[in-house]
1. Mind listing whichever residues of segment 60-94 are closer than 27 Å to residue 49 by Cβ, in a helix (DSSP H, G or I) and within 13 Å of the chain's Cα centre (by Cα)?
2. Exactly one condition in (1) touching a Lys or Arg at 6+ places or on another chain (Cβ under 8 Å); (2) in a loop (DSSP other than H, G, I, E, B) is not met by residue 49; state its number.
3. Kindly check whether there is at least one residue in segment 10-26 that is touching a residue at least 24 places away in the same chain (Cβ under 8 Å), surrounded by 17 or more Cβ atoms within 10 Å (Cβ to Cβ) and under 21 Å from residue 114 (Cβ atoms).
4. Filter segment 39-72 for residues that are crowded, with 17+ Cβ neighbours inside 10 Å and hydrophobic (A, V, I, L, M, F, W, C) and give the result.
5. Can you tell me which of (1) within 17 Å of residue 102 (Cα to Cα); (2) among the aromatic types (Phe, Trp, Tyr); (3) at pLDDT 95 or above is the one residue 27 doesn't meet?
Amino acid sequence: MKKTKMLKKNYEFKNVLNRGKYYSGKYIAIFIRKNNKNINFLGIAISSKLGKAVKRNYVKRIIRENYKQIEEHIKIGYDIIFIWKKQQEIGQACYEYVEKDMKKVFKDARMFLEESYEKNTYFLN
């Protein structure tokens, strides 16, 4: 069962970016804000200055796929926005790098469910 929907409207992004908490990794940064619903809302933002649409969409696919892999271990009821850092080139986007970075950032934000985190060594890599 899918527990995530996408943020689409400009005001939804602004709301999370202005009022959410910021956590940073090497490749991605995230803003997290509680939404008091039983579902997570996901947004992905990549600057058009970093590359053309094909490359930006490739990075979005990598981020979405990594999020899908750990989605069942993430707390529910949050708006989450991923931002690709401007200091990193899009050509450096690799599934493994983004996976490690995403786990690190979510761990820093304490977004993992406690029972999932303690039982599984998946997060310690």
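The values are calculated or read from the model by the stated rules, or taken from the named source; none is laboratory data. Worth saying up front: this structure is predicted, and the values here are computed from it rather than measured. Cβ coordinates were reconstructed from backbone atoms using ideal geometry, including for glycine residues, and neighbour counts include every protein chain displayed.
1. 60, 61, 62, 63, 64, 65, 66, 67
2. Residue 49 satisfies every listed condition except (2).
3. Within segment 10-26, one or more residues are touching a residue at least 24 places away in the same chain (Cβ under 8 Å), surrounded by 17 or more Cβ atoms within 10 Å (Cβ to Cβ) and under 21 Å from residue 114 (Cβ atoms).
4. Passing the criteria: 41, 42, 44, 46, 50, 59, 62, 63, 70.
5. The failed condition is (3).
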